[in-house]
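Handing you a structure now.
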Amino acid sequence: MLLNACGSFDARILDLMEERGVSLEDLSSGSRSAMDLLGIVDTARERIVELFSSEWPEEEMERCEKKGVKVIFFSDPEYPQALRGINDPPLLLYSRGRTLPSGEKVAVVGTRKCTSYGSGCASTLASALAGAGVTVVSGGARGIDCAAHRGCLDPGGKTVAVVGTGVDIAYPASHASLYREIMEEGVILGEYPLGTSPRPWNFPRRNRIIAGLSSRCVVVEAPEKSGAITTARCALEAGREVWAVPGRITDRVCRGSNALISDGASPLVDIVAFASLVSGRQMDLFSPETAKSEMSGFSLTPEEREVLRLLADHGDMTVDNIATEGKMSAAAVLRVIGVLSAYGLVFASGPGRWSAAASRG
Amino acid sequence: MNAVLGVTLQGIQALRVEVEVEITGGLFVISVVGLPDASVREARERVRAALRSLGISVKGRVAVNLAPADSPKEGALLDLPIAVGIAHSMGEIHVTRPSLFMGELALDGRVRRVRGAVPAAILARDMGLPLFVPAGNAREVSLVKGIEAYKVEHIRGLFEHLRGSAMLQAIEPSEESVEYPEPDPDLSDIKGQAAAKRALEIAAAGHHNVLLTGSPGSGKTLLARSLKDILPPLSDDEMMEVLMVRSTVGLSLDSSRRRPFRAIHHTASTISVCGGGTNLRPGEISLAHRGVLFLDEFTEFRRDLLESLRQPLEDGCISVSRASGSVTYPARVLLVAACNPCQCGYLGDPVEPCRCSPSAVDRYRRKMSGPILDRVDLYVTVPRLTPEELVQAEGQEGEGSPEVLKRVIRARERQWERWGPLGFQCNAELPEKALKKQVGINAEGRRFLKEMAGRVRLSGRGISRVMKVARTIADLAGDVDISTVHLAEALAFREGGDLPWNR
C-alpha cells in the first residue's frame, strides 16, 4: 500500500481494486489484465513493477523512523476522517510533530506575494482563531501562509502545515525555524516521499489536503490564478464553506479573492464574529486596551495604551502620525514602539509604519 | 643641513627632501637621482626654461640629488626647490637660511598651484622653517597657524626676495570663521520623519553608524545629508587632519568647521574608495575622515568593496600597501548606509504594490547583512509619506538643526568626560569590557533589558548595541544612569525590528 504513494495514485485506487477484483499480488506481478482493469497505462505499469520488486518501502519506513516522521495510512484509524470524504484522498500522510489536533479546523490561505494588509489580516485572523481554540491549516509557504502560521503560533495555538515537498524539507529554506515552531505545537503533513524537492506541480495537489482537512476555507489575498484559488475550488468540491477577505478592487493580488466573493463566497468582514461562528463560542477580544493589558501580565503605561489605541483605530501609522495625534514627542513614541514591538503588540507593517497586532495572548 | 629643502608627500604627511646640486664642467645635462618619479624627472625641462626666463642659462653637467635617497619622490612640487638649488650652486642667489620651497614651474617662470600645501605647512611649522608656496596655495596655507610663509607668483619674485632686493608678501593667518555655515539641508526643512531625525540625533551624539531603509522618495538621501550639520564642529586638530587629506588630493579647502560629507556611488572602484593607485592617493573614506560617509543604494555595492571597508571602520585608519610603498591614511568616519526594502523598493508600501517575487525579496534581504552592517548600531526605517501625510506634516517642521546640534554637543561633552580617561571618545567606540562594567545601568533597566532580550531574541551583539545606543540616549537627556526609558527607545532601533512586514 505504501508503494502506491510512490506513483501518483490516490485512495480511489483502493475502491477500484476492490470493485474490479484486483489484488495487490496481481499488481506486483505486473499482470497486464489487472492493469487494464484498473486503466493503468504501460509506462505506469513498468514503474509499479519496478517499485514492487525494490526494497524502497522498507528503506523509506526506516528513514521515517530515523527522522521521527510518522506515516499514517488510509486504513489507519488515525487517518483524518475529514479527508476520507473528499474525492481523491491521499493514500497516506507523512506527519511530523504532534498528532493531528482534533476539533474545528479552518484553512487560511492566500498568495505568497501579499501586501502588508493581507499578512496583517491573515495573522490577526489566525490569532483570533487560535484564541478560540480553532486549529489553523495552511500551506507553510511564504506570504499569507506564513502570516497565518505565525499568527496562530504567537498566542500558543495549534497549526497544521500541509507542505508540497517531503515533510523533511524546509521550503523555502528560510522557513526552517517556522517549521520547527509548528512542530512543537502542531503538525506538518505531506503526501510526498521524504526528500521530495519542491516541484511546481506538487503544490496544487497538496491544496486538496488543506481544503479537505478543514471545515472552512478562508482566502485572504489571491490573484486570479493562484494556489489559493485552487484550494478554494477543492474546498467547494469537498463541500466546505469558502470565505474570502475583501481586498481593494484595484490590487491585482486581490482580484481572485474578490472574484470568489462575487461568485458567492461569504465575505469575511468581521474577524471576531467569524472566530465566534467557527468556535461556537462568544468571543470578546477586540478592545485591545483592556483585552491586552489584562492578559499575559503586560502592565502598560498610559502612554503605551494610548499609542495602542491609536494604532488599533487608524491602522497603519508612521511615527509622525502617532506623535501628532497622540501629542507626544517622537522620542516618546519610539520608546513606546520599542516596548510594544518587543511585546508583540505592534508590528512594522511597512518601512517606518506600524500597526497594532490584534493577537490575543 | 643643506639650506634648500623641498617636500614630497608620503600618505598625507609631508616628507622633507634635501636638494643637493653639483655642477661640473662638460656637455650640458641635468640628471636627477633619489628615486624621482616621472613628473620629478621631467622637472629638468621646466626648471631650465624657467631659469632661462630670468636670464640664467644653465651650463655643464648638473647632478641633482634628492635626499633621503631611499624614499620615492613624487609630484611637480619639487620643481621650485630644484630651480632654487641650481641657482644657489651657480652662485646666482644665496640661500643662507634653510627654507622649504614647493611649487610647479611654468616655462616662463610662473609658479603653479600644487597639492599637498597643508601637509607642507604643518611640516614647516613643526620644523620652524620658512615656507615658500605658490600663490594659488596661499589660502589653504593661511589656515595653518604659527608659520612663516610667503606666496610666490613668479620665480623672479622669489629670487629677488632671496637676494634681499624686494620682499615677497607674507601669508597672514586667515581669520577664524566664527559663523557656523547655514545648515544645508536644515532638519526643519525635512517634512515629517520624526523617527529618522531622532535617530540621526542619536547617531550624531554617540557616533553610531546608521542604516536607513525606505522606499524610493522617502527622503533617505536628504536625511543623510542633514547629518553633517548636527555633528559638532571640527576641533583644531580634527580640522588640520581634514585639511591635510583634502590638500593631499588637491581639493579646494574651506575654512568652515563643518564636517565633511562624502557620498559614494555604488559603481565606485575599491581604489577610489579606499585609496591607492600608482601614486598612492587617499580614497573617499579618507576624504570623509572626521565626517560622514554615505553609501546610497547600499545593497548594490560590490561585496569586495564592502569587505574592504570593514577594517577602516574598525580601526579609524586605512593602510594601503602597493609596490611603490605603504602608507596609512586616516579614515574615522560616521557611516550612513541607505537601501530600499526590496529590489523594486515598494515592499510594505501602503500605496505602490511591490513587484518582487518572494525569492527576490529573500535574495535582497540576504544582501542586507554582512561585514559592514555588523558595525551599524541604529537600524532606521523611513516611511514614504503619502500625499495626505505630507499635507498633514505641513506646518510641523520640528526642531531646526542648530537646536539639535546644541544637545549633541552637550552629549558629546558628557561622553568625553566619562570616557576620556579610558582612552576613547564616544559611546559607539565602547569596548565590550567597559560596556559591562562602566556603562552605568540601573537595576530596573537591567531587568528590563533581560526581559526584552529574551522576548525579541537579541543576540549578544544585539544587546551590546542596544546598550550603547541607550547610553547615548541617556547622555542626550543628561541622565547619569541608563534606565528603562532609554533602553525602550533604543529597542525601537534594533536590528530586525523592521523585518516583520516581510513575512
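The values are calculated or read from the model by the stated rules, or taken from the named source; none is laboratory data. Treat the numbers as computed from the prediction; the structure is a model and nothing was measured. Here the Cβ is made from the backbone with ideal geometry for all residues, glycine too, and neighbour counts use every protein chain on show.
Going through A:269, A:220, A:253, A:245 one at a time, which residue ends up being closer than 16 Å to residue A:148 by Cβ and more than 14 Å from chain B (Cβ to nearest Cβ)?
It is A:245.
How do the helices (runs of 4 or more DSSP H) wholly within region B:102-186 filter down when requiring 1 or more residues that are over 23 Å from residue B:66 (Cα atoms): which remain?
B:138-142, B:155-163
Inside region B:229-276, can you point out the residues that are outside any helix (DSSP H, G or I) and polar (S, T, N, Q)?
Across region B:229-276, the qualifying residues are B:235, B:252, B:255, B:256, B:267, B:269.
All but one of (1) surrounded by fewer than 22 Cβ atoms within 10 Å (Cβ to Cβ); (2) away from every other protein chain (no Cβ under 11 Å); (3) out of contact with any strand residue (DSSP E or B) (no Cβ under 9 Å at 6 or more places or on another chain) hold for residue B:191, so report the exception by its number.
Every listed condition holds for residue B:191 apart from (2).
I'd like the full set of residues that are surrounded by fewer than 17 Cβ atoms within 10 Å (Cβ to Cβ), of a type outside the set (D, E, K, R) and within 22 Å of residue A:236 (Cβ to Cβ), limited to region A:260-276.
A:262, A:264, A:266, A:267, A:269
Can you tell me which residue is surrounded by the fewest Cβ atoms within 10 Å (Cβ to Cβ) among those in region A:218-245 that are part of a strand (DSSP E or B) and of a type in the set (A, V, I, L, M, F, W, C)?
Among them, the one singled out is A:242.
Now a separate question. For the subset of region B:15-54 comprising residues that are within 29 Å of the chain's Cα centre (by Cα) and at pLDDT below 90, which member is surrounded by the fewest Cβ atoms within 10 Å (Cβ to Cβ)?
Checked region B:15-54; the qualifying residue surrounded by the fewest Cβ atoms within 10 Å (Cβ to Cβ) is B:38.
I've got another one for you. Within region A:139-151, can one find any residue that is closer than 20 Å to residue A:99 by Cα and surrounded by fewer than 21 Cβ atoms within 10 Å (Cβ to Cβ)?
no
Please work out which one of (1) in contact with a helix residue (DSSP H, G or I) (Cβ under 6 Å, 6 or more places away or on another chain); (2) exposed (fewer than 11 other Cβ atoms within 10 Å of the Cβ) is the condition residue A:37 fails and give its number.
(2)
Condition first: more than 10 Å from chain B (Cβ to nearest Cβ) and under 20 Å from residue A:202 (Cβ atoms). Can you find one or more residues in region A:127-138 that meet it?
Looking for residues that are more than 10 Å from chain B (Cβ to nearest Cβ) and under 20 Å from residue A:202 (Cβ atoms), one finds at least one in region A:127-138, hence yes.
Of all residues in region A:327-345, which are more than 9 Å from every other protein chain (Cβ to nearest Cβ) and closer than 22 Å to residue B:483 by Cβ?
A:328, A:340, A:345
If a residue has to be among the small types (Gly, Ala, Ser) and either farther than 26 Å from residue B:471 by Cα or facing another protein chain (nearest Cβ under 9 Å) (or both) to count, how many in region B:350-379 make the cut?
3
Kindly check whether there is at least one residue in region B:36-53 that is under 24 Å from residue B:10 (Cβ atoms), in contact (Cβ under 8 Å) with a residue 40 or more places away in the chain, outside any helix (DSSP H, G or I) and not charged (D, E, K, R).
Within region B:36-53, one or more residues are under 24 Å from residue B:10 (Cβ atoms), in contact (Cβ under 8 Å) with a residue 40 or more places away in the chain, outside any helix (DSSP H, G or I) and not charged (D, E, K, R).
A further question on this structure: Being among the small types (Gly, Ala, Ser), in the same structural domain as residue B:114 (by TED's automatic domain parsing) and touching a Lys or Arg at 6+ places or on another chain (Cβ under 9 Å) is the requirement here; does residue B:60 meet it?
No.
Could you list, in sequence order, the residues of region B:315-329 that are surrounded by fewer than 20 Cβ atoms within 10 Å (Cβ to Cβ) and either at pLDDT 85 or above or at positive phi (or both)?
Passing the criteria: B:315, B:316, B:317, B:319, B:325, B:328.
Another one. Take the residues in region A:305-326 that are touching a residue at least 40 places away in the same chain (Cβ under 8 Å) and more than 7 Å from every other protein chain (Cβ to nearest Cβ); name whichever of them is farthest from residue A:115 (Cα to Cα).
Looking at the filtered set, the residue picked out is A:308.
Let me ask something additional. If you go through region B:73-94 one residue at a time, do you hit one that is in contact with a Gly (Cβ under 9 Å, 6 or more places away or on another chain) and more than 18 Å from residue B:42 (Cα to Cα)?
no
Now for a separate question. Pick from A:77, A:89, A:57: which is assigned to a loop (DSSP other than H, G, I, E, B) and in contact with a Leu (Cβ under 6 Å, 6 or more places away or on another chain)?
Step by step, each of A:77, A:89, A:57 is checked, and only A:89 is assigned to a loop (DSSP other than H, G, I, E, B) and in contact with a Leu (Cβ under 6 Å, 6 or more places away or on another chain).
Moving on to the next point. How about region B:405-503: which helices (runs of 4 or more DSSP H) wholly inside it have at least 1 residues that are over 25 Å from the mean Cα position of the chain (by Cα), more than 10 Å from chain A (Cβ to nearest Cβ) and closer than 26 Å to residue A:345 by Cβ?
Correct list: B:443-455, B:460-477.
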